[in-house]
1. Using heavy-atom solvent-accessible surface (probe 1.4 Å) with all chains present, what is the largest-first order of VAL93, VAL79?
2. Gap in Å between the Cα centre of region 48-92 and the Cα centre of region 14-40?
3. Below 8 Å, C-alpha to C-alpha, sequence gap of six or more: please give me the relative contact order for the chain in percent.
4. Near LYS87, which lysines are there with a Cα under 16 Å away, not counting those fewer than 8 places off in the same chain?
5. Would you mind working out the accessible area per residue for the chain, using a 1.4 Å probe, and quoting it in Å²?
6. Report in % the part of the accessible area of region 1-111 that belongs to carbon and sulfur, leaving out ligands and nucleic acids; probe 1.4 Å.
7. What are the radius of gyration and Dmax of the chain, computed over its Cα atoms and given in Å?
8. Identify the GluC sites (Glu not before Pro) of region 1-109 meeting these criteria: DSSP loop state and at most 12 other C-beta atoms within 10 Å of the C-beta.
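The values are calculated or read from the model by the stated rules, or taken from the named source; none is laboratory data. Values in this document were obtained by computation on a predicted structure and should not be read as measured data. Note that each Cβ is placed from the backbone with ideal geometry, even for glycine, and that neighbours are counted across all protein chains shown. For the accessible areas, the whole protein counts, side chains as well, though only heavy atoms, and no ligand, DNA or RNA atoms are used. Shrake-Rupley method; radii C 1.70, N 1.55, O 1.52, S 1.80 Å.
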Amino acid sequence: QVQLVESGGGLVQAGGSLRLSCAASGRTFSRYAMGWFRQAPGKEREFVARIGWNGSFIAYAASVKGRFTISRDNAKNTVHLQMNNLKPEDTAVYYCATPQGPYTDYDFQSGYWGQGAQVTVSS
């Protein structure tokens with residue numbers, strides 16, 4: 001059974017930084033892409049960033065490019081999202097996700113999801 005557990009959320013002032021982590025278990029972590037999504041109050045869930053199984057094929061939403069960095073540590077079964085220069089509009093619940101299939105599968109919607117971590121950015 002695949003489990004994803006996010007940590008590192010919290011309250012920060014605009015311009016500050018936070019680092020989210022997602023610990024995965026239940027299968028061979030290094031074979032699967034990983035992604036981060038977020039959902040703000042009253043809005044639909046949106047893509048933030050994703051990283052391929054071997055650390056390549058990194059992509060970001062335009063709204064976070066240049067401020068957020070996704071990385072993974074396959075030895076520790078963990079993916080991170082470093083968030084710098086945070087803005088109030090970054091306030092949301094952040095979710096870690098992984099597809100059902102290995103390697104080139106990037107269908108996160110049909111995959112596995114964590115419980116979410118709240119990030120609140122005050123102005």
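1. Numbers: VAL93 35, VAL79 0 Å².
These residues rank, largest area first, as VAL93, VAL79.
2. Rounded to whole Å, the Cα centres lie 7 Å apart.
3. Numbers: 309 pairs, mean separation 43.0, N = 123.
After rounding, I find 35 percent.
4. LYS87 reaches LYS65.
5. Values: 6270 Å² over 123 residues.
Heavy-atom accessible area per residue stands at 51 Å².
6. Numbers: 2690 of 5650 Å².
Result for region 1-111: 48 percent of the exposed heavy-atom area is carbon or sulfur.
7. Considering the chain through its Cα atoms, Rg and Dmax are 13.5, 41 Å.
8. Values: sites: GLU6, GLU44, GLU46, GLU89; in loops: GLU44.
Passing both the DSSP loop test and the Cβ count: GLU44.
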